[in-house]
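Report on one structure; see the data block that follows.
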Amino acid sequence: MLNNSSILITGGTGSFGHTFVPMTLKKYNPRRLVIFSRDEMKQWEMAKLYKDDERVRFFIGDVRDKDRLARALKGVDFVVHAAATKIVPTAEYNPFECVKTNIIGAMNLIDACIDQGVKRVVALSTDKASSPANLYGATKLASDKLFIAGNSYSGTQDSRFAVVRYGNVMGSRGSVIPFFLTQASKGSLPITDERMTRFMITLEEGVDLVWHAFDDMRGGEIYVKKIPSMKVTDIALAVAPGAAHEVVGIRPGEKLHEQMIGAEDAPHTYEYDSYYKILPAIHNWSQDAARINGGKLVAPDFTYSSDTNPEWMSVEGLSTWIEQNRDTIGKI
C-alpha cells in the first residue's frame, strides 16, 4: 500500500520516527517521506542520516499551526501522527500547552488532512488514554475520539482515520530502561512502587502495528497489539542486577498499572491472533463486517491491563534485549 506513495510523519524526529523512517524506506520504497516537526536541531541531526536519500524531506512546523500543516500536506497520501506532549509530569504542570498540542493539534491535523485529500491517517495513542488518570491520558483520549469522528466529519472525502495504542516503548528516550541505565552506576535505583507493572513493546513492533493499520483500516478503529508485561522491580533487576531499590513513590498523574482496553470498550472490542481492535460505538460501526474482518468479540467484562496480562517478559529476556540494543537505548 505504501509503495511509491507520499508519506508524512508529524513529530518525526522522535523515537518512533527514527525507527519508522528507515524501516519504511527499506520495505516500501515510498516516493517521498516527509519529516514534520518543530525542532530544527533534531531535524538537522536527523537529516545527516539521509543526506544521500532524495526521498526524505524535512519540513519545520508545529501541529498547532493549521496553515503550516496545510502547506506540508499538499500531495501527501498517508500520515502518521506521532507529535505529542507526552511526559506525564510535564503535562500535569503545563496543562494548557499539553491541550494545545494534543487536542488542538489533532483537530488541526484532521481538518488539514481532509482539506488536502490525504487518503489514510494513523494516529499514535497510549495506554494512558484508557480510563485516564492524568492530563496526558485525558488529552490523548480526546484526541482518539477526534480521529474516530474524523471519519464521519470527512463527508464525501475519502480521508480515513484510525488509531494505534501501545504501552511503554522499550529503550525510547525518556523511558524507564535508559533512565535506570543512567542510575545503575550509583548502586541504587529509584522505584516508584514495588507493585507497579508496565507493558513492554519495541519500536519495531510499534512500526509493524502502524503498517498493519494502514493495510486493514476502514476508518475509526483503535488497534492494540498483544505484548508482554513486566514488574518494574524486574525491569530494574534486568538493568542492574546488583543495585538496591529505593522506593520513592508514584509521581503526579502516574498509574500503578497500565491499561489499554477498559471494560467499557469490551462490547466493541474484537480479538485477533496478535492484536485487539476496538471499533467505534457510533454509527453502528462496531457491527460492520468489513471492520470486524473475522475478529472474535471479547468477553463482556474483558480488560487488557498490565497486571492481569497473561503474557509476561522474563528478566532474562529483557537482559538479552538490553545487551543486543545497548548502543541505541535512549539515543532515539
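The values are calculated or read from the model by the stated rules, or taken from the named source; none is laboratory data. The model shown is predicted, which means the values in this text are computed figures rather than measured ones. We place every Cβ from the backbone using ideal geometry, glycine too, and count neighbours over all the protein chains shown.
Take the conditions buried (at least 17 other Cβ atoms within 10 Å of the Cβ), modelled with pLDDT of 95 or more and over 19 Å from the mean Cα position of the chain (by Cα) and apply them to ALA289. Does it pass? The answer is no for ALA289. In segment 207-237, what residues are more than 25 Å from ILE177 (Cβ to Cβ) and either among the β-branched types (Val, Ile, Thr) or within 12 Å of the chain's Cα centre (by Cα) (or both)? Once the filter is applied, which keeps residues that are more than 25 Å from ILE177 (Cβ to Cβ) and either among the β-branched types (Val, Ile, Thr) or within 12 Å of the chain's Cα centre (by Cα) (or both), segment 207-237 yields only ILE222. Filtered by the rule that a residue be touching a Ser or Thr at 6+ places or on another chain (Cβ under 9 Å), within 25 Å of TYR28 (Cβ to Cβ) and not β-branched (Val, Ile, Thr), segment 38-71 gives LYS42, GLN43, GLU45, MET46, PHE58, PHE59, GLY61, LEU69. Restricting GLU264, GLU271, GLU311 to residues that are of a type in the set (Asp, Glu) and surrounded by 14 or more Cβ atoms within 10 Å (Cβ to Cβ) narrows the list to GLU271.
The criterion of at least 3 residues that are out of contact with any strand residue (DSSP E or B) (no Cβ under 7 Å at 6 or more places or on another chain) and of a type in the set (A, V, I, L, M) is met by none of the strands (runs of 3 or more DSSP E) falling completely within segment 159-230. The single condition among (1) in contact (Cβ under 8 Å) with a residue 60 or more places away in the chain; (2) buried (at least 18 other Cβ atoms within 10 Å of the Cβ); (3) assigned to a helix (DSSP H, G or I) that LYS140 does not satisfy is (1). Can you tell me which residues in segment 288-315 are assigned to a helix (DSSP H, G or I), in contact (Cβ under 8 Å) with a residue 12 or more places away in the chain and either closer than 26 Å to TYR272 by Cβ or not hydrophobic (A, V, I, L, M, F, W, C) (or both)? Within segment 288-315, ALA290, ARG291, ILE292 qualify.
Identify, from the list GLY249, GLY262, GLY253, the residue that is at positive phi and under 21 Å from the mean Cα position of the chain (by Cα). If you could, list the steps in order and put the result at the bottom.
Values: GLY249 fails: under 21 Å from the mean Cα position of the chain (by Cα); GLY262 fails: at positive phi.
Only one candidate qualifies: GLY253.
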